Amino acid sequence: MEILFWTLVSVGIVVGSLLLIAVYGLTLPKSHQVARSITLKQSPEAVWQTITDFAGVTSWNAGVAKIEKMPDQNGHEVWQESYKNGYGLTLETTEATPPTRLVRTIADVGGPFSGRWEFVLAAVESGCRVTITEFGAVPNPYFRVMARLFMKPEQHVEEYLAALAQKFGE
């Protein structure tokens, strides 16, 4: 009888915790938007060449372990990126207006999150201002809680821009 009691208490604690996490997750916003910019001493064309050379990204972005070309989708280029942290994404180039605008959208269907990065390159007197805006969505309330606790939405954009600057020696 005592074993049954403690089993029920344990199950109740687990179920109650999961319900609290779900309720908290439902209060968090499903989507986010983060924008970061950097000014480089390069022309927009030089930056464009670098950011659209997807096959060459492993040569300058240390966070990317491997990248491979996938079959096109909807007439758009698709690349599978594998990261050194063990994760990976399939990215579709949904818009490209050289040398000023690039949009890469997560093509993975049914993943824990979705979204896109919008790159805007603007000529400035000293070179090129690169702005990346991340539009992300996390539909599952449990994943929203995990993202809130363990991730910073701006982290990957900032790491990418830092790697890009380092590629140009800046």
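Computed quantities for the displayed model
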item	result
Structure-derived Rg/Rh (Cα atoms, Kirkwood Rh): which label, when the choices are (i) 1.13; (ii) 0.99; (iii) 0.96	(i)
The chain - percent of accessible surface contributed by carbon and sulfur, probe 1.4 Å	61
Sequence-distant lysines (8 or more away, or on other chains) whose Cα lies within less than 23 Å of LYS30	LYS152
Whole-number accessible area per residue in Å² for the chain, which is evaluated in the context of all protein chains at 1.4 Å	60
Residue (of TRP79, PRO99, GLN33) at the positive-pole extreme of region 1-100, dipole from beta-carbon charges	GLN33
Positive dipole terminus of the chain, leading residue within LEU121, ALA137, VAL64 (C-beta point charges)	ALA137
Whole-Hz ³J(HN,Hα) from phi, Karplus 6.51 cos²θ - 1.76 cosθ + 1.60, for region 148-154, glycine and proline x	5, 7, 10, 10, 10, x, 7
Inter-part distance where region 58-122 and region 132-170 are each reduced to a Cα centre, Å	13
Where labels lie 7 Å past Cα in the beta-carbon direction, separation of PHE168 and THR133 in nm	2.1
Using θ = phi - 60° and Karplus 6.51 cos²θ - 1.76 cosθ + 1.60, couplings along region 84-98 (whole Hz; Gly, Pro as x)	5, 7, x, 8, x, 9, 9, 10, 9, 7, 8, 7, 8, 10, x
HN-Hα J in Hz across region 112-121 - Karplus 6.51, -1.76, 1.60, θ = phi - 60°, x for Gly and Pro	x, 8, 9, x, 7, 10, 10, 9, 10, 10
Percent of Cα-Cα distances greater than 19 Å, calculated over region 8-72	66
Ellipticity estimate at 222 nm from DSSP helix runs (n ≥ 4, -39,500 (n - 2.57)) divided over the chain, nearest 500	-11000 deg cm²/dmol
Net charge contributed by nearby residues that have their C-beta within less than 9 Å of VAL157 (K/R +1, D/E -1)	-3
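The values are calculated or read from the model by the stated rules, or taken from the named source; none is laboratory data. These numbers come from a predicted model, not from an experiment. As a convention, Cβ positions derive from the backbone with ideal geometry for all residues, glycine included, and neighbour counts pool all protein chains shown. Ligands, DNA and RNA are excluded from the accessible area calculation, which covers all protein heavy atoms including side chains. Shrake-Rupley method; radii C 1.70, N 1.55, O 1.52, S 1.80 Å.
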